[in-house]
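Since the structure comes first, as structure tokens, the remarks are kept for the end.
Just so you know, all these numbers are worked out from the coordinates, no wet-lab data involved. No experiment lies behind these values; they were computed from the predicted model shown. Cβ coordinates were reconstructed from backbone atoms using ideal geometry, including for glycine residues, and neighbour counts include every protein chain displayed.
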Amino acid sequence: MQTLRFRLDGRELDAREGETILEAARRHGIAIPHLCWRPDLGVAGNCRTCLVEVEGEGRLAAACHRRVEPGMVVRARGGRAARVRRGVLELLLAEAGGALLRRDSELERWAEAEGARRDRFRPDPWPAADLSHPAIAVERGACIRCTRCVRACRTVQGHDVLGMAGRGAASRIAFDLDDPMGASLCVGCGECVQACPTGALAPAGGAALRQAKALTDSVCPYCGVGCQVRIHVHAGRVLRTEGLDGPSNRRRLCVKGRFGLDYVHHPERLTRPLVRLPDAPKDPDRLDGARTWFREADWDEALARAAGGLAALRARHGGGALAGFGSAKGSNEEAYLFQKLVRLGFGSHNVDHCTRLCHASSVAALLEGIGSGAVSNQIEEVLESEVLFLIGANPAANHPVAATFLRNAARAGATLIVADPRRTPLARDARLVLQFRPGSDVALLDALLHVIIHEEDLVDHDFVRARVDGFEALAAAVAPCTPERMAALCDVPADTLRAVARTYARARRAMILWGMGVSQHTHGTDNVRALIALALVTGQIGRRGTGLHPLRGQNNVQGASDAGLIPMMLPGYAPVADAEARVRFERLWGARLAAEPGLTVVEILDAAARGEIRGMYIVGENPAMSDPNLAHAREGLARLDHLVVQDLFLTETAALADVVLPASAHLEKLGSYTNTDRRVQLGRPALPLPGEARQDLWIITEMGRRLGLPWTHRGAAEVYDEMRAAIPALAGIPWRRLEREGAVTYPCPREDHPGHGVLFADGFPLPGGRARLVPATHRGPAEPPDRAYPWTLLTGRLLEHWHTGAMTRRAAVLDALEPEPVAFLHPEDLAALGLAPGAAVTVATRRGRVTARARPDPGLRRGEIFMPFCYREAAANLLTLDALDPWGRIPEFKCCAAALAPAGRAHGETGT
């Protein structure tokens with residue numbers, strides 16, 4: 001890139017071709033005031049606080065807009081430009097209400113730096129604040145009409161909620177449904193708050209009026225996107241959260257990451273160990289009164305009881321009678337140490353975590369087909385793709401920051417294809433929408449493969465010959481799957497199926513992204529096999545902007561899986577059944593390992609219900625809310641002879657425990673986390689532990705020692721070093737590099753290597769370097785609707801809540817936004833039932849019934865119900881089916897047969 005030389009305030013500087021004066025100055029550490037400009041928002045040029053003098057020109061220039069020219073001489077300090085800037089800032093201070101401004105606002109800081117007077121002009125009247133939104137306060141009196149909030153909402157997040165109304169001096173911030181903000185379609189991402197330079201848009205509750213005493217850079221504790229955040233802390237409490245320019249979020253956050261971290265301060269937080277009273281019941285039907293079943297204890301007693309009960313069961317029944325659930329919310333180090341505890345301290349591989357309930361089928365198919373269970377390409381590459389095929393995922397709710405990049409790509413010209421039983425928010429930006437019948441995924445995908453292979457010959461034959469096995473078998477399997485035949489199964493027109501196949505296969509770069517709508521089925525592994533086949537037969541893998549991306553649901557589900565928190569794989573996906581792999585880990589750990597793989601999540605609770613699993617140690621998981629067929633799962637937990645739970649709150653699972661150990665929250669500990677992009681990132685502590693809560697690593701180490709393991713781990717870095725020795729993909733990422741760089745992508749062979757963002761450029765980690773095509777079999781849903789249960793129940797998440805709600809329902813803003821259980825229905829179904837929005841309805845399946853408030857959703861098909869599973873008052877997983885995928889051993893969460901009636905009527909009393 002060509003560089004130019006110019007002078008600024010007497011200094012000779014270089015500028016890149018096309019760079020503005022402001023950009024060049026910032027790069028050289030020279031401060032020029034600016035309020036309407038931000039690097040990712042483009043140039044507005046309307047605040048005039050960045051005016052500079054250019055020698056030889058009679059008028060002042062806006063530094064944010066004026067590009068550097070060779071030999072240009074610019075004066076920013078002193079002279080006419082400085083006087084005018086100061087005057088502009090004084091006018092803006094008056095317009096924005098003078099002393100009522102946010103104390104740490106950009107306008108305040110620039111005014112102080114430029115010597116602007118507060119009293120030169122009379123402040124404008126201060127209108128009443130709009131406090132109608134739970135997350136965001138609107139102080140229009142502080143608005144200087146810089147439009148940064150409008151551009152942040154539209155061009156960064158893509159929500160199109162904010163705009164400007166009125167003309168001239170009467171212009172103002174407006175919302176899509178006008179006033180108040182609380183009545184708008186705002187999703188609370190807070191991008192406008194972060195963009196606002198004056199506090200006109202600020203966190204609700206007055207947090208913006210206080211100056212943070214401490215700042216800590218860390219990562220968000222919610223979904224797998226792995227947003228980097230800066231935590232502002234005042235008086236030991238989270239004041240607000242700011243998005244950093246991390247590689248996965250580029251300053252962006254969602255409502256959970258920005259406004260949902262105060263759960264750590266909730267009064268229900270556990271701060272002392274609890275032990276169950278001798279006569280306390282273990283009643284899964286009366287969990288609300290569970291606090292009275294426990295008394296507080298000191299750590300010595302609690303640990304002695306916790307580990308002693310497990311050791312006694314091990315001695316009496318053998319290690320196979322014990323099991324452990326780890327957490328995808330904890331750090332890599334915690335996951336690694338916990339699975340090691342189960343394998344060595346219990347003597348079995350009965351260890352699993354929530355990936356079994358989200359992407360186990362994806363991992364099974366990916367390991368089988370391409371030799372790696374992680375994403376092949378990173379989210380940021382969607383901006384380089386021509387076609388994006390999003391199936392069985394609702395990133396707008398589950399991965400909101402990733403959704404912003406998908407919106408950005410679509411609005412920049414990429415073709416977005418959205419396939420889902422529901423019409424989700426991203427369908428608005430899609431060119432092709434496939435709203436298919438629930439459970440018909442394989443039929444739809446096989447139709448696409450039929451068109452590519454048999455009708456259009458859009459196969460990349462050179463790629464297949466060089467790098468893929470099994471093409472003939474796949475071609476034979478999809479030969480009968482014409483679009484017309486499959487349209488009858490998936491309810492998508494044949495012409496639409498052909499258009500999707502052509503669009504994807506003909507693209508120079510196309511990426512497939514999917515979520516749990518693909519994986520959480522009894523045919524989830526087959527679904528992913530078909531997606532792999534689409535990428536392989538068209539050569540859409542191994543290059544930037546292509547590939548396969550299963551969107552990871554929890555903040556460290558990728559890292560927890562890498563660390564070995566799964567029953568059939570040791571760390572780094574070394575198979576338990578592989579004798580050589582076992583020998584390697586036996587040498588590393590100095591202990592013998594069982595040869596048989598362990599049980600999975602659902603299998604463990606089935607075995608507990610049968611009395612075969614007698615004791616469990618659960619860290620940070622809540623299977624009494626997250627597992628399918630909850631009544632059965634809770635029965636299994638209640639039947640255990642000894643249950644130890646380590647968590648932040650007395651969750652539904654902890655309520656059934658014999659010993660509860662108060663753990664550390666994400667913001668209270670140091671550790672590494674691996675996001676959906678395979679980026680290993682460092683989470684740093686921003687807060688002290690409350691009361692007598694302890695670090696999770698310390699608790700796991702102490703439990704291990706009391707189970708006979710000679711452990712002396714002194715912290716996260718030491719555990720990470722051992723884990724890195726066990727996982728070759730981390731070879732080039734020592735702890736000191738994480739401390740220095742904050743985020744590094746694996747696989748990374750050397751410390752001077754940037755990490756492989758794109759996998760499979762030269763081959764696949766399978767025999768001969770060749771991928772393997774495996775035909776998928778269409779079976780449909782495990783429990784289709786019938787006369788007794790004629791509705792189809794779909795389950796998933798809400799934007800405002802996450803997983804089982806243990807954290808988000810204890811975050812004030814998030815619970816205020818979505819405070820009570822809801823069941824979504826098509827508006828015509830609601831009308832046919834004679835119900836108004838908000839009416840109470842009862843949803844029943846063969847496993848249970850719950851009551852929730854009905855809400856219209858035109859994105860559903862007639863005859864479908866969608867329920868989130870985060871509400872303990874109406875736990876959707878009391879209804880879901882526990883039938884398992886034969887390969888991934890994942891339950892059929894996503895659809896089952898249901899009945900629906902107005903609350904108070906029995907099943908069968910209405911036309912359901």
Between the alpha carbon centres of region 578-646 and region 552-576 the gap in Å comes to 15 Å
Would you mind classifying region 360-550 by shape? Square roots of the alpha carbon gyration tensor eigenvalues, ordered a ≥ b ≥ c; an a/c under 1.5 is rounded, otherwise it is prolate if a/b is larger than b/c and oblate if not.
rounded
Overall Cα dimensions of region 43-174 - principal axes, largest extent first, Å:
52, 37, 28
Any idea what log10 I(q)/I(0) is at q = 0.17, 0.23 Å⁻¹ for region 791-902, Debye with uniform C-alpha scatterers and no solvent?
-0.80, -1.29
Just the number: Rg to Rh for region 300-382, Cα atoms, Kirkwood Rh, two decimals.
1.12
If packing is taken as the average number of other Cβ atoms within 10 Å across a peptide's residues, how do 418-427, 476-485, 250-259, 771-780 rank, most packed first?
250-259, 418-427, 771-780, 476-485
Based on DSSP, what percent of beta bridges with both residues in the chain are antiparallel, to the nearest 5?
60 percent
Quick check of the Kirkwood formula: for region 123-264, what is the inverse mean of 1/r over all pairs of different Cα atoms, in Å?
15.6 Å
For the chain, how many pairs of lysine residues have a Cα-Cα distance under 19 Å, where the two are 8 or more positions apart or belong to different chains?
4
Three-way shape call for region 540-645 based on the alpha-carbon gyration tensor, with the a/c threshold at 1.5:
oblate
Listed values (i) 49, 40, 30; (ii) 52, 31, 26; (iii) 45, 33, 30, entry calculated as semi-axes √(5λ) of the Cα gyration tensor in Å:
(iii)
Which whole-angstrom value gives the distance between the alpha carbon centres of region 694-773 and region 451-496?
39 Å
The chain - charge dipole about Cα centre, Lys and Arg +1 at Cβ, Asp and Glu -1, debye rounded to 20:
2100 debye
For region 131-228, what does the relative contact order come out to in percent, with C-alpha contacts under 8 Å and a separation of six or more?
33 percent
Span-rule helices in the chain, defined as complete DSSP H runs reaching 30 Å or more along the axis (Cα) with Kyte mean at least 0.0:
none
Sort 293-303, 448-458 for me by packing, meaning the mean count of neighbouring Cβ atoms within 10 Å per residue, highest on top.
448-458, 293-303
Centroid-to-centroid separation of region 130-180 and region 230-265 [C-alpha atoms, Å]:
22 Å
Percent relative contact order of region 360-550, based on C-alpha pairs within less than 8 angstrom and at least six residues apart?
33 percent
I need the phi-derived Karplus couplings for region 824-832: 6.51 cos²θ - 1.76 cosθ + 1.60, θ = phi - 60°, integer Hz, Gly and Pro marked x.
8, 9, 5, x, 5, 5, 4, 5, 5
Region 3-100: C-alpha pair distances exceeding 18 Å, %:
44 percent
Rounded if a/c is under 1.5, else prolate if a/b beats b/c, else oblate: with a ≥ b ≥ c from the C-alpha gyration tensor eigenvalues square-rooted, which is region 714-807?
oblate
Using +1 at the C-beta of Lys and Arg and -1 at the C-beta of Asp and Glu, which of A412, G704, G620 has the Cα lying farthest in the positive direction of the dipole of the chain?
A412
Please name which of W887, C870, G796 has its Cα lying farthest along the dipole of region 791-902 towards the positive end, using unit charges on Cβ (Lys, Arg +1; Asp, Glu -1) and the Cα centre as origin.
W887
Output ordering of 44-54, 851-861, 510-520 (per-residue mean of other Cβ within 10 Å, highest first) is 510-520, 44-54, 851-861
What is the calculated FRET efficiency for L709 to K213, with r their C-beta to C-beta distance and R₀ = 41 Å, to the nearest 0.05?
0.50
On full extension of the chain, what length is gained from R117 through H65, given 0.36 nm per residue of separation minus the C-alpha to C-alpha distance?
16.1 nm
If you average 1/r over every pair of different alpha-carbon atoms in region 453-547 and take one over that average, what Kirkwood value in Å do you get?
14.3 Å
